Amino acid sequence: MENFLIYSGNDLGATYTTEKTAFRLWAPSAEAVSLCLYKQGDGDCKIAEEQTKRDEGGTWTLEVPGDLDRVYYTYLVTCNGTTRESQDPYAKAVGVNGIRSMVVDLAKTNPEGFEKDQHIFVEKPTDAILYELSVSDMTRDCSSGVKHAGKYLGLTERNTKSKTGEATGLDHIRELGVTHVQLMPSYDFGSIDEAHLEIEQYNWGYDPINYNVPEGSYSTDPFHGEVRIREFKQMVQAFHEAGIGVIMDVVYNHTYDIENNCFQKCVPDYYYRKDENGYTDASACGNEVASEKPMVRKFIVDSVTYWAKEYHIDGFRFDLMGILDIETMKAVRAALDEISPKLLVYGEGWTGGDSPIPDELRAMKRHIRKIGGVGAFSDDIRDNTRGSVFYDHDTGFASGKQNLENAVRYSVVGACFHPQVDYNNYRYSDGAWANLPSETVNYVSCHDNMTLWDKLAVSCHDKSKEVRLSMNRLCAAMVMTAQGIPFFLSGEEMGRSKPIEGSEEPSENSFNLPPYTNNIRYENRSEFADLFSYYKGLIDFRKAHDGLRLCRAEDIKKRIRFVEDIAEKNVVAFTIDTEEEILFVAYNANERAIEMKLPVEGMFQVYAENDKAGTSCLRSVAGYVRISAVSCFIAVQKK
């Protein structure tokens, strides 16, 4: 590892007051650094250029007197005899397309009442119900009835309706009942030309440019750096007022490119991993960030804590977390704990390719227990339930594949150890990888790969729509009744599809396809009204029953009992015995109804069967029960 000077201070970037602004850039290998001031975020409008001075820990500093609020700036950094102009890696504001940083009085960007805005926390992580959305997708379609379509402000609007009178946007999410939204990348990313938003453009945003600044294309004015900040805060405030937490999808594992990134311009080759062949690419996006280096780790920790404090963000989802090292994720968790231990942290426990960092140091799913307080997505339940994402026509338990009963048990207990799971005959993962249910995020669809509805349509193309709806409901019920933290993709609750214009096949990777493919279409709420009600009912039921939200592994072993010797194949049933009640849950993946004996004597009240779920009792049963084809059956006995 390079023997670079390390700076531990908390004043990197531009520290603003009305009297002066102090600039500090970490560039230990630079031969000279100049500060350039500009009137605007683009164009020929330079105000001044001044030399900075070398200071402690490899930094360069300069204090500029006067009120520089909304003045733009860059650095001219000379390394190895070559001078390049760069934005500030620690920039808090930028101009159009993020090419120039901006000094900003952050207090002036706060919307009215933002100082009193509070984080939205659940009592324990397993109380959370996560809903992934794109700022653009959620309101860009004309069916949303939203004035600021595809913008931060679009998610602040209330009382918006579709043409059929259904709630849209924020009201739709609020009605559904989730506890948190997970925003797909909303920092400043590189694949949208903010200067020409009149041209139809689309990208998910997994291509970071400025990590500590909101994306400009989602604002009403990307040319003035303060606007995107204020409007992002308005969006967070609106979610919080609706009782919904906000989680950011963060992509610290790679950058948009190397040569044009501020990391590379300021400290060449420090921020990226290399081997004898050049830059490595565990992200499958052209590069990978060297999180194990002290100043890279510091940047990541500083960045998440900044978002949590300045924007009141309630948690973070780490893209390709397996590329980052375990110590960095520990440092992230420790720093966020100082703000609040209730801030959620989880991520993808895998990589997109091989990395030079030793396996035992990677923040992979199989190492999640080494970190503490950080969760990982369970691709186990995803593929066991709906079929592999890598094979379009593959099916899972809910869609008809045989001999997955043991795999379903593995998923029910949230990848924690349970004596009734046969780990010798479970091949997807090597044993139980979670120590706590809060370390497991359960899902069957996200922005990647086919939506759940499209996956079922392709893999079960010979089945009727009614059967596929039953499969969809069973998938959802399995996620909502498994131990851990449930997560689902926006629109899954109303049969979301990603059609490719002019094609009969849906998209499995819509990252840069037009809004036609990616938009949420709210007219689907009418077509899939019963499915929406089912999702809402499952959410309400999960919130009402602590047994579905256990927080200790010992409780999973103690309280969950699987029903043995079930006569029918493709059926998994279990009880959850709590202090107040006994829950009975059964999954029937057969395309015919079955009959089975309740494992506990006495009367049970039924809360989910067929296409109904919720907190209202549907009927009472005792003894033997009939479980409909391709369905989840849930009943409760009060003690």
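Things worth noting here:
- Residues being hydrophobic (A, V, I, L, M, F, W, C) and more than 21 Å from the chain's Cα centre (by Cα) - total across the range 223-247: 2
- Of the candidates D105, D69, D88, the single residue that is more than 19 Å from S303 (Cα to Cα) and not small (G, A, S) is D69.
- Matching option when the condition is more than 30 Å from Y279 (Cβ to Cβ) and either modelled with pLDDT of 95 or more or touching a His at 6+ places or on another chain (Cβ under 9 Å) (or both), among S355, S399: S399
- Candidates are the residues of the range 513-553 that are hydroxyl-bearing (S, T, Y) and in a helix (DSSP H, G or I); the one that is farthest from A608 (Cα to Cα) is Y516.
- Of all residues making up the range 482-504, the number that are in contact with a strand residue (DSSP E or B) (Cβ under 9 Å, 6 or more places away or on another chain), farther than 23 Å from S411 by Cβ and charged (D, E, K, R): 1
- Complete set of residues in the range 29-52 that are farther than 16 Å from T83 by Cα and either part of a helix (DSSP H, G or I) or not polar (S, T, N, Q) (or both): L37, Y38, K39, G41, D42, G43, D44, C45, K46, I47, A48
- Scan of the range 270-306 for residues that are free of Cβ contacts under 8 Å to residues at least 60 places away in the same chain, charged (D, E, K, R) and in a loop (DSSP other than H, G, I, E, B), ordered by number: E276
- When L361, L344, L320 are screened for being at pLDDT 95 or above, crowded, with 23+ Cβ neighbours inside 10 Å and over 20 Å from A128 (Cβ atoms), only L320 passes.
- The range 7-42 - residue that is exposed (fewer than 13 other Cβ atoms within 10 Å of the Cβ) and not polar (S, T, N, Q) and, of those, farthest from V71 (Cα to Cα): G9
- When the range 374-393 is filtered for residues that are of a type outside the set (S, T, N, Q) and either more than 21 Å from the chain's Cα centre (by Cα) or part of a loop (DSSP other than H, G, I, E, B) (or both), the ones remaining, listed by number, are V374, G387, V389, F390, Y391, D392, H393.
For every residue, the table says whether it meets (1) touching a residue at least 60 places away in the same chain (Cβ under 8 Å); (2) touching a helix residue (DSSP H, G or I) at 6+ places or on another chain (Cβ under 9 Å); (3) of a type in the set (S, T, N, Q).
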residue: I485; (1), (2), (3): yes, yes, no
residue: Y535; (1), (2), (3): yes, yes, no
residue: A544; (1), (2), (3): yes, no, no
residue: E568; (1), (2), (3): no, no, no
residue: I576; (1), (2), (3): no, yes, no
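- Within the range 70-87, residues that are surrounded by fewer than 22 Cβ atoms within 10 Å (Cβ to Cβ) reach partners that are among the acidic types (D, E) with beta carbons closer than 6 Å, at six or more positions or on different chains, in the pairs L76/E85; T78/E31.
- On the stretch given as the range 571-602, residues that are in contact with a Gly (Cβ under 8 Å, 6 or more places away or on another chain), outside any strand (DSSP E or B) and either among the polar types (S, T, N, Q) or surrounded by fewer than 16 Cβ atoms within 10 Å (Cβ to Cβ) (or both) total 2.
- Any chance V77 is over 30 Å from P514 (Cβ atoms), of a type outside the set (D, E, K, R) and in a loop (DSSP other than H, G, I, E, B): no
- Pairs, first hydrophobic (A, V, I, L, M, F, W, C) in the range 187-205, second not in a loop (DSSP other than H, G, I, E, B), C-beta under 7 Å, six or more apart: F189/P208; F189/I209; A195/V96; A195/N97
- Checked against the criterion of being touching a Lys or Arg at 6+ places or on another chain (Cβ under 6 Å), among the aliphatic types (A, V, I, L, M) and within 23 Å of L183 (Cα to Cα), the candidates V389, V374 yield just one match: V374.
- Residue check, D565 in a loop (DSSP other than H, G, I, E, B) and out of contact with any His (no Cβ under 8 Å at 6 or more places or on another chain): yes
- Residue count, the range 394-427 (criterion: surrounded by fewer than 17 Cβ atoms within 10 Å (Cβ to Cβ) and assigned to a helix (DSSP H, G or I)): 3
- From the options G347, G353, residue that is farther than 25 Å from A477 by Cβ, free of Cβ contacts under 8 Å to residues at least 40 places away in the same chain and not acidic (D, E): G347
- Failed criterion for M478 (all others in (1) crowded, with 23+ Cβ neighbours inside 10 Å; (2) in a loop (DSSP other than H, G, I, E, B); (3) among the aliphatic types (A, V, I, L, M) hold): (2)
- Scanning the range 160-173 for residues that are within 18 Å of the chain's Cα centre (by Cα) and on the phi < 0 side of the Ramachandran plot turns up at least one hit.
- Positions within the range 516-528 being surrounded by fewer than 17 Cβ atoms within 10 Å (Cβ to Cβ) and in contact (Cβ under 8 Å) with a residue 40 or more places away in the chain, in sequence order: E523, S526
- Only a single item in (1) surrounded by fewer than 23 Cβ atoms within 10 Å (Cβ to Cβ); (2) out of contact with any Leu (no Cβ under 7 Å at 6 or more places or on another chain); (3) at pLDDT 95 or above; (4) among the polar types (S, T, N, Q) is not met by S470, and it is number (1).
- Among the conditions (1) without any contact (Cβ under 8 Å) to a residue 12 or more places away in the chain; (2) under 18 Å from K543 (Cα atoms), C617 misses just one, which is (1).
- Lone qualifier among V572, V636, V606, V585 - being modelled with pLDDT of 95 or more and more than 30 Å from E175 (Cβ to Cβ): V572
- Residue match in the range 129-149 (condition: among the small types (G, A, S), under 16 Å from the mean Cα position of the chain (by Cα) and within 23 Å of V301 (Cα to Cα)): no
- Selection count, the range 428-448, where residues are surrounded by fewer than 21 Cβ atoms within 10 Å (Cβ to Cβ), polar (S, T, N, Q) and within 20 Å of the chain's Cα centre (by Cα): 0
- I209 vs. criteria in a strand (DSSP E or B), within 23 Å of Y38 (Cα to Cα) and at pLDDT 95 or above: yes
The values are calculated or read from the model by the stated rules, or taken from the named source; none is laboratory data. This structure is a prediction, so every number in the text was calculated from the model and none was measured. Reconstructed Cβ throughout: ideal geometry from the backbone, glycine too, with neighbour counts over all protein chains shown.
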